[in-house]
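Structure first, then comments.
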Amino acid sequence: YYGRGEQTVVVACRGGLPGLPHWYHNLRAHDRAELQLADRTLQVRARVADGEERARLWPKLIRVFPDFADHEAWEGEQLPVLVLEPAED
């Protein structure tokens, strides 16, 4: 993941295994979730970063975890990037 202010950015990847992780499908079906970061628990809303936003985030994610580039090449398509933002009730 990559944290940026109030947002947390995650990549839907199974470590080189084919397919997308189950949590990705869960977040697509139900965009609200509870996020545990160290000793903090946050209520978040998830959305997929598309287009320009994904293009801007991807190099930052690669700097944090360079293997994402390899995983994406193995998959043969772009890995989904999700932005988790504080849920507003």
* Hey, can you tell me all the residues within the stretch 54-89 that are open to solvent by less than 60 Å² (accessible area, probe 1.4 Å), touching a residue at least 12 places away in the same chain (Cβ under 8 Å) and either in a loop (DSSP other than H, G, I, E, B) or small (Gly, Ala, Ser) (or both)? => Leu79, Pro80, Ala87
* If you go through the stretch 48-79, how many residues are at pLDDT 95 or above and in contact with a Leu (Cβ under 7 Å, 6 or more places away or on another chain)? -> 2
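Could you count how many residues in the stretch 2-19 are open to solvent by 60 Å² or more (accessible area, probe 1.4 Å) and either touching a Pro at 6+ places or on another chain (Cβ under 6 Å) or on the phi > 0 side of the Ramachandran plot (or both)?
3
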* Output for the stretch 20-53, where each listed residue is of a type in the set (Gly, Ala, Ser) and loosely packed, with under 11 Cβ neighbours inside 10 Å -> Ala29, Ala38, Gly51
* To do: May I ask you to list pairs of residues, at least six apart or on different chains, whose Cβ atoms are under 7 Å apart, with the first in the stretch 1-27 being under 18 Å from Ala87 (Cβ atoms) and at pLDDT below 90 and the second being surrounded by 14 or more Cβ atoms within 10 Å (Cβ to Cβ) and of a type outside the set (A, V, I, L, M, F, W, C)?
  => Tyr1/Thr8; Glu6/Glu85; Gln7/Glu85
* Give the residue that is farthest from Glu77 (Cα to Cα), with candidates limited to residues of the stretch 11-53 that are assigned to a helix (DSSP H, G or I) and of a type in the set (A, V, I, L, M). => Ala29
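The values are calculated or read from the model by the stated rules, or taken from the named source; none is laboratory data. It should be emphasised that the depicted structure is a prediction, and the values quoted were computed from it without experimental measurement. Note that we place each Cβ from the backbone using ideal geometry, even for glycine, and neighbour counts take in every protein chain shown. Heavy atoms of the whole protein, side chains included, go into the accessibility calculation; ligands, DNA and RNA do not. Shrake-Rupley method; radii C 1.70, N 1.55, O 1.52, S 1.80 Å.
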